[in-house]
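Shown next, in structure tokens, is the structure this report addresses.
The values are calculated or read from the model by the stated rules, or taken from the named source; none is laboratory data. Quick caveat: nothing in here was measured; it's all calculated off a predicted structure. Every residue, glycine among them, receives a Cβ derived from its backbone with ideal geometry; neighbour counts consider all protein chains shown.
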Amino acid sequence: MSEDIREIRLQKLARMRELGHDPFSVEEFKRTASAKELLEWFDDLTAPRGDEDDESTDGPPIISFAGRVVSYRDMGKAGFAHLSDGDGKIQIYCRKDELGEVGWELYQLLDIGDHVGVEGFMFLTKTGEKSIHVKQLVPLSKSLQTLPIGKEKDGQQWYGLEDVEQRYRHRHLDLITNPEARKALIDRAKIVSAVRRYFDGAGYLEVETPLLQVVAGGAAARPFTTQYNAYDMEVKLRISLELYLKRLICGDIPAVYEIGRVFRNEGVSNRHNPEFTLLEFYEAYTNLEGMMRRVEDMFKFVAEEVYGSTTCEIGPLGPIDLAKPWRRVDLLDEICAQSGLERDDLSDLDQAKAAIKAKGIIDKAHQLGGHIDLNKEDNLGGLIEKLLEVFVEPTLQEPIFVVGYPIETSPLAKKDPNNPRMTRRFEGYILGREICNAFSEINDPIDQKERFEQQATEIAKGDDEAHPYDEEFLYALEGGMPPTGGCGIGMERLAMVLTGSDHIREIMFFPMMKPRE
């Protein structure tokens, strides 16, 4: 905004103060109702009051409303403006002969972006618009910036805030000017609240675990590090909630959950942000299938709570009924069906690499827009998950559970008793996006110790995302943990699915932005 425009607005602010109406000195303005409510109550608010004892009360009741000026017209001795309270807007009508000299000058000093309070009565204009006929006007704030509020007609908007970087960098402008973006962000908050109500109602205990950890475990990710001055030691920001929550299960709290921020020092994409909100929940005496039922029930509950129906418009899929059970498929079966490999081809790393070369799998991956570099794959589990990413994930559009993951990439999941190379783990997918990750949790401390030792060898080889060795967790596990099911769900991923957002930043109020030069 040019300095000239800002200077003009500062002059208008100074004049308001000269008139004895400093907008920033007002601390409170009581509103009769929201814009949406006033429009819904219009018929009642325009009916005469008809008080038999006081003829002065005849006519429609006086109401008060406050909001931001989002449109403005001065027609000489009268004027129209629209005030928005964020979720709705309503037109006001002002007349010089009714507001008086001071009141009318205050109206003329208004700019788009200002907040103002009005008192008056509801009426219908000649064009049929429900409006407030203003009897008194009170400036409540002065906007010193020109806001990118577009023109609107018949539900269509023009010239609003369209620059994506500006929208994310200055989210307050996005909330003011883009109703769809505002709705997605508010829906995300409602989704998190509904998740919390679901687990509270299911008998889970909500807890809080440390953000700063000596050993950041529970996921395959590189942590952020910081300095703990009081103890003169380096600590890490948590990458997961898992190991502390399972310590509580070891302490005989049978069902726990946490919704909290976690931090993974990795790349940024339309699905990934290094700082995000994670839900993790753990329940004693249940297993992988119990976690599947819990996920299905939670999705159904949240959809009904936030949108009033279990049938949701999920992206290009159209209406999906979340009351239906999700399909279950085996990971290796799906890889074979989509790639042309056979299960025997995936029995060990060397055999898998040979089969991939012989069957032209790398070329098939390129045709699908994927990339497989066999030189970078040094364990079978990592290669299997790469095949999943390239060949299977794009096909997983409707709600589905993919079951049975390699032991190398699942250091906290029970072994599959029918196939010790695989684990009792599933991931849920919608629209080709991983939406949850769940295990039948290891409760054998000897097995867990061996897994940690194997991960330690991966760290020694240079894998900075391998799972660290956590002595404190092993100590808790040796005290005894019952059979337990556990699951993690990214709240941003959940919100993206239910709001139909394509980019994770669309449902984060304040995503991290690279500073300008």
Next on the checklist: Within region 231-253, does at least one residue satisfy the condition of being out of contact with any strand residue (DSSP E or B) (no Cβ under 8 Å at 6 or more places or on another chain), under 25 Å from Phe509 (Cα atoms) and in contact (Cβ under 8 Å) with a residue 12 or more places away in the chain?
Outcome noted: no
Checklist entry - Restricting attention to region 327-342, does a residue exist that is under 27 Å from the mean Cα position of the chain (by Cα), modelled with pLDDT under 95 and over 21 Å from Lys190 (Cβ atoms)? => result no
Checklist entry - Restricting the search to region 65-90, which residues are touching a Ser or Thr at 6+ places or on another chain (Cβ under 7 Å) and basic (Lys, Arg)? => result Arg68
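Yes or no, residue by residue, for (1) in contact with a Gly (Cβ under 9 Å, 6 or more places away or on another chain); (2) within 20 Å of Leu13 (Cα to Cα):
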{"residue": "Ala78", "(1), (2)": "no, no"}
{"residue": "Gly86", "(1), (2)": "yes, no"}
{"residue": "Gly100", "(1), (2)": "no, yes"}
{"residue": "Asp111", "(1), (2)": "no, yes"}
{"residue": "Leu124", "(1), (2)": "no, no"}
Checklist entry - With Leu374, Leu387, Leu331, Leu383 as the choices, which residue is farther than 30 Å from Thr310 by Cβ and touching a residue at least 40 places away in the same chain (Cβ under 8 Å)? => result Leu387
Checklist entry - Among Lys449, Lys414, which is closer than 22 Å to Ile489 by Cβ and at pLDDT 95 or above? => result Lys414
Next on the checklist: Being assigned by TED's automatic domain parsing to the domain that holds Glu206, part of a strand (DSSP E or B), in contact (Cβ under 8 Å) with a residue 24 or more places away in the chain and surrounded by 15 or more Cβ atoms within 10 Å (Cβ to Cβ) is the requirement here; does Glu305 meet it?
Outcome noted: no
Item to check | Restricting region 472-508 to residues that are of a type in the set (Asp, Glu) and surrounded by 20 or more Cβ atoms within 10 Å (Cβ to Cβ), the residue that is nearest to the chain's Cα centre (by Cα) | outcome: Glu492
Item to check | Where a residue in region 183-196 is loosely packed, with under 15 Cβ neighbours inside 10 Å and its partner, wherever it lies, is modelled with pLDDT of 95 or more and in a helix (DSSP H, G or I), with Cβ under 6 Å and at least six apart | outcome: none
Checklist entry - Quick check, is Ile384 in the same structural domain as Gly428 (by TED's automatic domain parsing) and either within 32 Å of the chain's Cα centre (by Cα) or at pLDDT below 95 (or both)? => result no
Item to check | Some residue of region 338-350 being in contact with a helix residue (DSSP H, G or I) (Cβ under 7 Å, 6 or more places away or on another chain), among the polar types (S, T, N, Q), surrounded by fewer than 21 Cβ atoms within 10 Å (Cβ to Cβ) and in a loop (DSSP other than H, G, I, E, B) | outcome: no
Checklist entry - Of everything in region 256-274 that's charged (D, E, K, R) and surrounded by fewer than 16 Cβ atoms within 10 Å (Cβ to Cβ), which residue is modelled with the highest pLDDT? => result Arg261
Next on the checklist: Can you find a residue that is of a type in the set (A, V, I, L, M, F, W, C), touching a Lys or Arg at 6+ places or on another chain (Cβ under 6 Å) and in a loop (DSSP other than H, G, I, E, B) anywhere in region 387-397?
Outcome noted: no
Item to check | Members of region 354-374 that are under 18 Å from Thr409 (Cα atoms) and in a helix (DSSP H, G or I) | outcome: Leu374
Checklist entry - in the same structural domain as Arg493 (by TED's automatic domain parsing), among the hydrophobic types (A, V, I, L, M, F, W, C) and closer than 26 Å to Leu279 by Cβ - does that describe any residue in region 443-462? => result yes
Checklist entry - Out of the residues in region 190-233 that are more than 30 Å from Pro406 (Cβ to Cβ) and β-branched (Val, Ile, Thr), which is farthest from the chain's Cα centre (by Cα)? => result Thr226
Next on the checklist: Going residue by residue through region 108-118, is there one that turns out to be among the hydrophobic types (A, V, I, L, M, F, W, C), crowded, with 16+ Cβ neighbours inside 10 Å and out of contact with any Phe, Trp or Tyr (no Cβ under 9 Å at 6 or more places or on another chain)?
Outcome noted: yes
Checklist entry - Is it true that some residue in region 386-405 is touching a strand residue (DSSP E or B) at 6+ places or on another chain (Cβ under 8 Å), among the aliphatic types (A, V, I, L, M) and over 30 Å from His503 (Cα atoms)? => result no
